[in-house]
Structures are given as structure tokens and as C-alpha cells.
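The values are calculated or read from the model by the stated rules, or taken from the named source; none is laboratory data. For clarity, every value in this text was computed on a predicted model and none was experimentally measured. Please note: Cβ atoms are built from the backbone with ideal geometry, for glycine as well, and neighbour counts cover all protein chains shown. The accessibility values were calculated without ligands, DNA or RNA, using every heavy atom of the protein model including side chains. Shrake-Rupley method; radii C 1.70, N 1.55, O 1.52, S 1.80 Å.
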Amino acid sequence: MEADLTERLPEDYKEFVTAYGPGCISDQLYLFHPRAAGGDQGLNLYLLWEQASSAFAELSRSHPELYPFAVHPAPGGCLPVCRSISGNHVFIQPPVNPGEGWSVIVEMGEWARLDMSFTDFLWSALRGELDVPIIEGDASFERVGVVEP
């Protein structure tokens, strides 16, 4: 996957999906995985990238003012990694400038850039510390689908 991107994904993201696999966080946020099986119950990251890139490319052409962030495979584009039960997305954004870390971009009706790592974002969301309501209620994780070897 990283060879396709020509960029290394953030270590905290890779460690999290390796440990937990594809699933649903607190019955509200679906976490996709690069090796998740496809199909109706699959949360395959490549499939999410295909769906999101074509949808966001089309939408941003017709309403560029509503889509301030480029989405992969656009140069420097954000990578969708999660989708809410209402169809909104969480992206990770490659470093904009040399020496910076990855950021989290949240599309929940409006777009928000959060200067934090993926795992810091999840931790803050689970504790209700974000201005953007991502996850509400008790923390839980339900594995969805299987990871292919």
C-alpha cells in the first residue's frame, strides 16, 4: 500500500489497525483496514479509497468551495481511513511541510483539520474532547469482517 502512495503511512495508524483490524468504534465509526476481506461486511481500505476519491473528486469539481482538501490520489491528497455511520469521513493528511507530522482531517458536514496523530485523535474523540462530535457514549470496539493473509 505504501508503495502505491510513494509515502510511508504514520506508524501510530499502522500499529492501531494491525492491533485491532477492521471494525466499528462505539457503534459509530467504521475503521477500514488494508487487508480486510471485501464484500458487504468487508472494510477494505482500498475500496474506501476508490469510493471516496471518485465521489470527492466529482463533488469538488461542482462545488470546490465546499471541499477545501484534496483527496487521494490527488497530489498531497488526504487518505480516508474511517467512515461514520452517517457516511462522513475521517482522513489522515500527509505532512504539508518537511518536518511536520501527519494530521487528521474530519469531514462531518464541515471540514476540520486537527493537528494531531491518528491515535491522539481517536483518544480525544473517545473522551469527548473534540469540538467536532465524532464518537459519543461509551467506548467500544467491534471487529467487522476478517483480515486476509
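For the chain, modelled as a Gaussian network with Cα springs under 10 Å, which listed residue fluctuates most, ARG61, ARG127, ARG113?
So, out of ARG61, ARG127, ARG113, the one fluctuating most is ARG61.
Given a 1.4 angstrom probe, what's the average accessible area per residue across the chain, in square angstrom?
54
Between GLN93, GLN51, GLN28, which gets the highest mean-square fluctuation from a Gaussian network model of the chain, Cα cutoff 10 Å?
Sorting by GNM fluctuation, first place goes to GLN51.
Projecting each Cα onto the charge dipole of the chain (Lys/Arg +1, Asp/Glu -1 at the beta carbon, about the Cα centre), which of PRO149, SER62, THR18 comes out farthest on the positive side?
Value computed over the given set: PRO149.
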